[in-house]
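The structure appears below as structure tokens.
The values are calculated or read from the model by the stated rules, or taken from the named source; none is laboratory data. This one's a predicted model, so the numbers in the text were calculated from it and none came from an experiment. FYI the Cβ positions are ideal-geometry reconstructions off the backbone, even for glycines, and counts take in every protein chain you see.
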Amino acid sequence: MDMKDANRFVSGEQSRRWFLKAMAVVSVSRFAKAATPAKEKFAIGKLKDSGTRFVSFDPRFDRLVQKGAPISRLHSGCRWSEGPSWDNIEKRLIWSDVPNDRQWSWNEKSASVSVFREPSRQTNGTCYDAEHRMICCEQVGRRVARYDAQGKATVLVDQWQGLPMNSPNDVVVHPDGGIWFTDPGYGNRGTLELKEATYRIDPVDGKVERVDYSLGKPNGLCFSEDYKRMYIADTGKSEPKSLYVFDVVDSRRLENRRTFANVHVDGLVAGPDGQQVDVDGNLWASAGHGVEGVNGVHVFDPNGKRLGMVLLPEGCANLSFGGSDGKTLFMTATTSLYSVKTKMRAAHYA
């Protein structure tokens, strides 16, 4: 069954169980190392089967989303969509097509898409700091760089203890100005000279500290709503590929690692990646590299209980809350950018 056939089979009357079993045969495209055209370009607009794509496991999920709300595909034709960040000054969503070496912009007012930066040094994860400077994890140069309003770059880190970084992947900023990023090595076709790890860049002296190296491939990361915990997705070889949570000590160290959750459901396997927390502390985690019926966004309460899912027809790599009211969930999923209106907003929405 191909994706088009699968979409035709889904209807509002079908049960969730049938949906999961039917979709289990639909595979998704995995990350390609070479920059090549997208295999498929999906139609832009509201998904006709949006109503089947909200799966609730807990009544609390219904307070987070409007079940049946339209899920919209805003853009398609990318090779690997990643790194979404909401620009609350320009009212736009910036995201990356990593292997095709460009960043895109979706404008809220005009609902139009345009190229934001090309070449992008194969930017992956991004975020904005308190001064509204964009911080980018770049595969070209294996570095973390900060861009001012004029587009001038300042390299924050490209090595640690004299060795080049593997390939920084995702990045977040603490209120004290500290910049935290993961360095799993994705996109690096050479030899990794450093153990895959998570790092912190000090806001005062720029010193880079390794805060954890216990995970196989630390990937997407985010702080809890009160900045007392950090969530990190491990996409290494071990199964299940899990989300972990750490305590943040003195705003500069990670301690007490424990497993938080995974994105497996009813025997359907996917892997976690980018995440955000909402104002109530619920974790919204992307899920990809699986099959339809598990790919999309999984929502967990602060204790790791799965509340529900927003399913997508492609593997989801990352997400960001945005929009003028902060309640639109943007999802970067393989070839496309999707959005859906929620009842929540990000805990750290600027």
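T334 satisfies every condition listed in (1) free of Cβ contacts under 8 Å to residues at least 24 places away in the same chain; (2) among the hydroxyl-bearing types (S, T, Y); (3) buried (at least 24 other Cβ atoms within 10 Å of the Cβ) except (1).
Each residue in the stretch 257-283 was checked for being more than 17 Å from V310 (Cβ to Cβ), of a type in the set (G, A, S) and surrounded by 14 or more Cβ atoms within 10 Å (Cβ to Cβ), and 1 of them qualify.
The residues of the stretch 310-350 that are of a type in the set (F, W, Y) and at pLDDT 95 or above, listed by number, are F321, F330, Y338. Among the conditions (1) more than 19 Å from P59 (Cα to Cα); (2) of a type in the set (V, I, T); (3) in a strand (DSSP E or B), V277 misses just one, which is (1).
Of all residues in the stretch 232-244, none are modelled with pLDDT of 95 or more, of a type in the set (S, T, Y) and closer than 22 Å to Y349 by Cα.
Screening the candidates R73, R121 for the property of being modelled with pLDDT of 95 or more, basic (K, R) and in a strand (DSSP E or B) yields one hit, R73. Restricting G236, G290, G206 to those that are within 21 Å of Y338 (Cα to Cα) and in contact (Cβ under 8 Å) with a residue 12 or more places away in the chain reduces the list to G290. Quickly run through the stretch 124-145 and pick out the residues that are closer than 23 Å to A346 by Cα and either part of a loop (DSSP other than H, G, I, E, B) or over 19 Å from the mean Cα position of the chain (by Cα) (or both). D129, A130, E131, H132, R133, listed by residue number. Of the residues making up the stretch 226-256, those that are surrounded by fewer than 19 Cβ atoms within 10 Å (Cβ to Cβ) and not in a strand (DSSP E or B) number 11. Is it the case that the stretch 145-165 has a residue that's touching a residue at least 60 places away in the same chain (Cβ under 8 Å) and either surrounded by fewer than 17 Cβ atoms within 10 Å (Cβ to Cβ) or under 26 Å from R73 (Cβ atoms) (or both)? Among the residues of the stretch 145-165, not one is touching a residue at least 60 places away in the same chain (Cβ under 8 Å) and either surrounded by fewer than 17 Cβ atoms within 10 Å (Cβ to Cβ) or under 26 Å from R73 (Cβ atoms) (or both), which makes the answer no. Tell me, please, whether a residue that is in a loop (DSSP other than H, G, I, E, B), more than 17 Å from the chain's Cα centre (by Cα) and either closer than 23 Å to Y349 by Cα or at pLDDT 95 or above (or both) can be found in the stretch 100-107. For the stretch 100-107, residues in a loop (DSSP other than H, G, I, E, B), more than 17 Å from the chain's Cα centre (by Cα) and either closer than 23 Å to Y349 by Cα or at pLDDT 95 or above (or both): present. Scanning the stretch 312-325 for residues that are crowded, with 19+ Cβ neighbours inside 10 Å and under 19 Å from D87 (Cβ atoms) gives N318, L319, S320, F321, G322, G323.
Of all the criteria given as (1) surrounded by fewer than 24 Cβ atoms within 10 Å (Cβ to Cβ); (2) under 26 Å from Y128 (Cβ atoms); (3) of a type outside the set (F, W, Y); (4) touching a strand residue (DSSP E or B) at 6+ places or on another chain (Cβ under 6 Å), the one not satisfied by P302 is (4).
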